[in-house]
1. Of Trp146, Trp208, which has the most accessible area with a 1.4 Å probe, and how do the rest follow in descending order?
2. Under the 0.36 nm per residue contour assumption, what length would be gained going from the current alpha-carbon distance of Tyr213 and Leu29 to full extension?
3. What ³J(HN,Hα) values, in whole Hz, does the Karplus curve 6.51 cos²θ - 1.76 cosθ + 1.60 give for region 159-167 when θ = phi - 60°, with x put for Gly and Pro?
4. To the nearest 10 square angstrom, how much accessible area does Val214 have with a 1.4 angstrom probe?
5. Considering amide H positions built from the backbone, and no H for Pro or chain starts, which residues 5 or more places from Thr98, or on another chain, come under 5 Å of its amide H?
6. Leu197 versus Leu119, label points 7 Å from Cα toward the beta carbon: distance in nm?
7. Set the Förster distance to 25 Å, then compute FRET efficiency between Glu204 and Thr15 from the Cβ-Cβ distance, nearest 0.05.
8. Residue by residue through region 58-64, which ³J(HN,Hα) values in whole Hz follow from phi under the Karplus form 6.51 cos²θ - 1.76 cosθ + 1.60 (θ = phi - 60°), with glycine and proline marked x?
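The values are calculated or read from the model by the stated rules, or taken from the named source; none is laboratory data. On a predicted model such as this, the values are computed, not experimentally measured, just so you know. Methodologically, a virtual Cβ is constructed for each residue, glycine included, from the backbone with ideal geometry; neighbour enumeration extends over all protein chains shown. Just so you know, the surface numbers come from the protein's heavy atoms only, side chains and all, with ligands and any DNA or RNA stripped out. Shrake-Rupley method; radii C 1.70, N 1.55, O 1.52, S 1.80 Å.
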Amino acid sequence: MSTIALSKNWSYERTMQLFGGMWFMLLALLLAIKIGTSLTDPWPSLLSSFCLAIFYTLLTVLIMTRPPARAQAAGLLPRIAAFVGSYMPWTITFFGQTDQALPNLLATACVLIGMIMMLVTIRHLGRAFSLVPQARSVVQTGPYRWIKHPLYLSEELVILGVVLQHLTPVTVIVLVLHIGVQVCRILYEEDLLRRSLPEYSSYEASRWRLVPYVW
């Protein structure tokens, strides 16, 4: 690869890191302000908002500190899928929040479970983290011993919690669309890993994607 190409890749990587980090930090700050000004809200709502703020902060740190990739998916479609999947669902935070107790309690449960799964996954994933499909290393410890994409699964649980917290027909449609985009991201990522990391083929042969015995 030429020096010019390397420079362009480095510039693109740094730009995406900055953009992603700023986006999730903004969401974390908005939630922190919301919590500080809404202390009289029901505790399930406050708890789920607090967990989301932590989630956004962790994503900020992961994005800003990830190492350079060994390879990344070529073409426009993988990048579009990555950005839509990464940023679209979190706009739900700007919708009006439901004041019903049951959706808020279910939302809190989903966010907490997703948070715990995410923290366990990140402990094993380390800095091998990206938004656009990229190849860094094949992680085979922790939840990766059973499924190939535990971080996607934990993210979907958190997003389900956000949808329950802001439950409307529009947010349900956003959730369904997001699941479709995430499936595309998974397929793009697996194709890249097969081509870039020889050890991935033997790893994926004995693992489910998201839900054991389902997919």
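1. On the way: Trp146 150, Trp208 100 Å².
Greatest to least solvent exposure: Trp146, Trp208.
2. Numbers: separation 184, 0.36 × 184 = 66.24 nm, distance 3.94 nm.
Between Tyr213 and Leu29, full extension yields 62.3 nm more.
3. 5, 4, x, 5, 5, 5, 6, 10, 6
4. 110 Å²
5. Close amide H contacts, sequence-distant or interchain: His166, Leu167.
6. Inter-label distance under the simple model: 2.5 nm.
7. Working: r = 31 Å, r/R0 = 1.24.
The computed FRET efficiency comes out at 0.20.
8. 5, 4, 4, 5, 4, 5, 6
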